[in-house]
Protein chains: 4
Amino acid sequence: MQPLSKSEIKRKALIKATVCLVINNGFHAAPMSKIAKMANVSPGTIYLYFENKQDLINKVYLEIKASFAAHAFKDFNEQMTVEEGFKNIWKQIADFKLMQVDEALFLSQCDNTPMIDEESKKEGIKHLQPLLDLWKRGQEQGVIKNCCHYMLYAYTVYPLAFLMNAKQKKDITINEQYIQDAYLMAWDSIKQSK
Amino acid sequence: MQPLSKSEIKRKALIKATVCLVINNGFHAAPMSKIAKMANVSPGTIYLYFENKQDLINKVYLEIKASFAAHAFKDFNEQMTVEEGFKNIWKQIADFKLMQVDEALFLSQCDNTPMIDEESKKEGIKHLQPLLDLWKRGQEQGVIKNCCHYMLYAYTVYPLAFLMNAKQKKDITINEQYIQDAYLMAWDSIKQSK
Amino acid sequence: MQPLSKSEIKRKALIKATVCLVINNGFHAAPMSKIAKMANVSPGTIYLYFENKQDLINKVYLEIKASFAAHAFKDFNEQMTVEEGFKNIWKQIADFKLMQVDEALFLSQCDNTPMIDEESKKEGIKHLQPLLDLWKRGQEQGVIKNCCHYMLYAYTVYPLAFLMNAKQKKDITINEQYIQDAYLMAWDSIKQSK
Amino acid sequence: MQPLSKSEIKRKALIKATVCLVINNGFHAAPMSKIAKMANVSPGTIYLYFENKQDLINKVYLEIKASFAAHAFKDFNEQMTVEEGFKNIWKQIADFKLMQVDEALFLSQCDNTPMIDEESKKEGIKHLQPLLDLWKRGQEQGVIKNCCHYMLYAYTVYPLAFLMNAKQKKDITINEQYIQDAYLMAWDSIKQSK
DNA sequence: TATGAATGAGCGTTCATTCAT
DNA sequence: AATGAATGAACGCTCATTCAT
């Protein structure tokens, strides 16, 4: 792996600082000056890397969405059966949401908020294409219910955001069995009953 | 029904304005001055009804959460079977989320954001008790999967927020059939398979 | 003594509340609303008794100044010798400053601050005429130094404000002996040495 | 003497503006915006130099108190006799109060008002230590009356504030003779009579 | 007389953004 | 490329004052 260039380090530090501040107190408690301080950078420097605050937020969103997708699909291949593939992807998504808590919380906030440009949101969705393709295959094979992708997403991936939030607030604790139970609920909700 | 007092009218107008601005642009783009203007009131007047901005947001949240719960349980009674009862409540929730779009969007933002005091969130959850009780009964009867309420909520109610968002952005259109499909997915995910 | 009329009671309550709030936190921490609350009166009512806040403050000042003068001269008569008379007045002034702490603190703040209209200050000074006359007599008799009244005041009455402040902050405690010492210093500073 | 840095110039300008506005209209009529304008600075800039308005006022007070003390003791040395030393210090204090009118008026307002933190007041008093030491020496030598420092201060230094106020309002005019008379009154009031 | 809800100008303060260095 | 002092518009909020009741 190539070592990151100095400026790439700064960029990453800015992104990390943004995520950290936003998830803890929300957009309005993440001033540029604090982001700069936390990234060990001067406020002015941010504007060498990002056009303005909105651009910064958008870029952070897209970057994290990309890393989320990379994680989701890292073990998946199209030779898998639909059920195998879905389980594989779902578990990786769960893994991401529960291990990369900060990033996942950030995405959850963005997705339920007018914080991000609609355009960037659209852009971020594209990363999920392999999952949509898999679902399509599943529907053609009669394995998965014949409903739109939004619905499939709503009942399989989206619930994880809720569980992640609950875990964050220490309302629940999550172990392997818990994940497995959650997976079964996701699968039960979308699989085609005979 | 009693006519609202003049001051109750103002209070309602302030709440409505808050919801409207927050859902369109987020907490940080809903300044008190705009809320006042939209409610046809002077900025100072807000502080006759609410202690400060945080209090305003909290109260709006709680008020809407209460009206949400009232809607959810309005036709429910405890003589219903678990499945009947769940279907009844779920459909009312769906109805609320899809008809009272603004209020529902507001709740969704609050629930995925550090916008609201943790205390008010806890307060807001209490309204759901009848649903939790119903689930408990279902679990005792072996009709509903034996998992924690957070999970049951995550896979039945929470997905509606995602669908509501999608509808709002005109990504999907929702009709009776769509609702029925969604209901089945919710039920399939939590019902105890034999 | 005649019982105070209802409206005179309110007036007095307003004056007392004003004094109380101003001495504790200064003019800027004595809003009309708090004054009204402390006087058990509605904010609007204040404006039936006083033109505006400045007028209220001025009137409070003048009223207290008058009561201060009444106290100062209550036992004095012009048959007294200059030294007797001065001692008598000075002790009464000391008594006022140390017993009617709130009123005295209020006067001290007013006299060292642009809080009061210059006109009202001028008005307030008139009450001291008997003391000035006494001084004049003393100077004519060669008993008191031949300097202007401002100077005599500065070295006899004004120092009490400092001692009163110190007492208020519990930096010193004051008893009869202390008063007597202070009196001697006042007298020593103005008496004509042979 | 080193030229002041650009930021030191701004700091001084802010302090000067604060003094000017406060002495003319009081704390409550010295808004940050006016202070900024008078210092030829934008409102936000104040907060680069001072934490908030209270901090600004405190710092101004302490800075002036220090310069006051520096002036008071600039010619004094401990080899002087008590009377010499006292006269020296007293005259310098008088000089400061009558020449640096604005600063002196500011101190007078602060010392008779709850404008300044108690803590800062305590801090400001420390500067007077040499005078207190001198008084102690005088008392040990039987030259000065055996009373507490507060009293000595009340009858020697504090009266100057009153004269200064009177001069400011053009009630009196002050010349060398006047100063000398005032000095004698101060000395007469505290010196031990045989 | 007396009220107190309502006003809105103005406060102290923050912060996204710029620009001279 | 990087800085950080400076900006000033805009924020949340207060409060002297008014006026319909």
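The values are calculated or read from the model by the stated rules, or taken from the named source; none is laboratory data. Owing to the predicted nature of the structure, the values given are computational and were not obtained by experimental measurement. All Cβ positions, even for glycine, are placed from backbone atoms using ideal geometry, and neighbour counts span all protein chains on display. Just the protein is used for accessible areas: all its heavy atoms, side chains included, with ligands, DNA and RNA removed. Shrake-Rupley method; radii C 1.70, N 1.55, O 1.52, S 1.80 Å.
Return the residue satisfying two criteria in turn: it lies in the stretch D:109-153 and is among the β-branched types (V, I, T) and open to solvent by 40 Å² or more (accessible area, probe 1.4 Å), and of such residues it is nearest to C:C110 (Cα to Cα).
Of the stretch D:109-153, the ones among the β-branched types (V, I, T) are D:113, D:116, D:125, D:143-144.
Narrowing the set further to residues that are open to solvent by 40 Å² or more (accessible area, probe 1.4 Å) leaves D:125, D:143.
Values: D:I125: 23, D:V143: 36 Å.
Looking at the filtered set, the residue picked out is D:I125.
Go through the stretch D:27-70 and count every residue that is farther than 23 Å from D:Q100 by Cα and of a type in the set (F, W, Y). Of the residues in the stretch D:27-70, 3 are farther than 23 Å from D:Q100 by Cα and of a type in the set (F, W, Y).
Based on this model, can you work out whether B:D55 counts as at pLDDT 95 or above, farther than 27 Å from B:I144 by Cβ, of a type in the set (D, E) and under 20 Å from the mean Cα position of the chain (by Cα)? For B:D55, the condition - at pLDDT 95 or above, farther than 27 Å from B:I144 by Cβ, of a type in the set (D, E) and under 20 Å from the mean Cα position of the chain (by Cα) - is met. Name the residues in the stretch D:87-105 that are without any contact (Cβ under 8 Å) to a residue 60 or more places away in the chain and either β-branched (V, I, T) or not assigned by the TED database to the domain that holds D:L163 (or both), would you? Listed by number, the list holds a single entry, D:I89.
The requirement of being open to solvent by less than 10 Å² (accessible area, probe 1.4 Å), within 12 Å of DNA strand F (Cβ to nearest atom), touching an Asp or Glu at 6+ places or on another chain (Cβ under 9 Å) and not basic (K, R) is satisfied by C:I57.
Among the residues making up the stretch A:16-57, those that are within 15 Å of DNA strand E (Cβ to nearest atom), polar (S, T, N, Q) and more than 14 Å from chain B (Cβ to nearest Cβ) are A:T18, A:S33, A:S42, A:T45, A:N52.
Among the residues making up the stretch C:164-188, those that are facing chain D (nearest Cβ under 7 Å) and free of Cβ contacts under 8 Å to residues at least 40 places away in the same chain are C:A166, C:D171, C:I172, C:D181, C:M185, C:D188. Scanning the stretch A:147-163 for residues that are more than 8 Å from chain B (Cβ to nearest Cβ), of a type in the set (A, V, I, L, M) and outside any loop (DSSP other than H, G, I, E, B) turns up just one, A:L152. In the stretch D:59-86, the residues that are part of a helix (DSSP H, G or I) reach residues that are of a type in the set (S, T, Y) with C-beta atoms within less than 7 angstrom, at least six apart or across chains, in these pairs: D:V60/D:T18; D:Y61/D:S120; D:L62/D:S120.
Within the stretch A:37-48, does at least one residue satisfy the condition of being under 21 Å from the mean Cα position of the chain (by Cα) and not aliphatic (A, V, I, L, M)?
In the first step, residues of the stretch A:37-48 are kept if they are under 21 Å from the mean Cα position of the chain (by Cα); the result is none.
There is no residue in the stretch A:37-48 that is under 21 Å from the mean Cα position of the chain (by Cα) and not aliphatic (A, V, I, L, M).
Just wondering, is there one or more residues in the stretch A:113-122 that are within 11 Å of chain B (Cβ to nearest Cβ), of a type in the set (D, E) and assigned to a helix (DSSP H, G or I)?
Of the residues in the stretch A:113-122, the ones within 11 Å of chain B (Cβ to nearest Cβ) are A:113-116, A:118, A:121-122.
Applying the additional criterion that residues be of a type in the set (D, E) yields A:118.
Subsequent filtering for residues that are assigned to a helix (DSSP H, G or I) retains A:118.
Yes: one or more hits.
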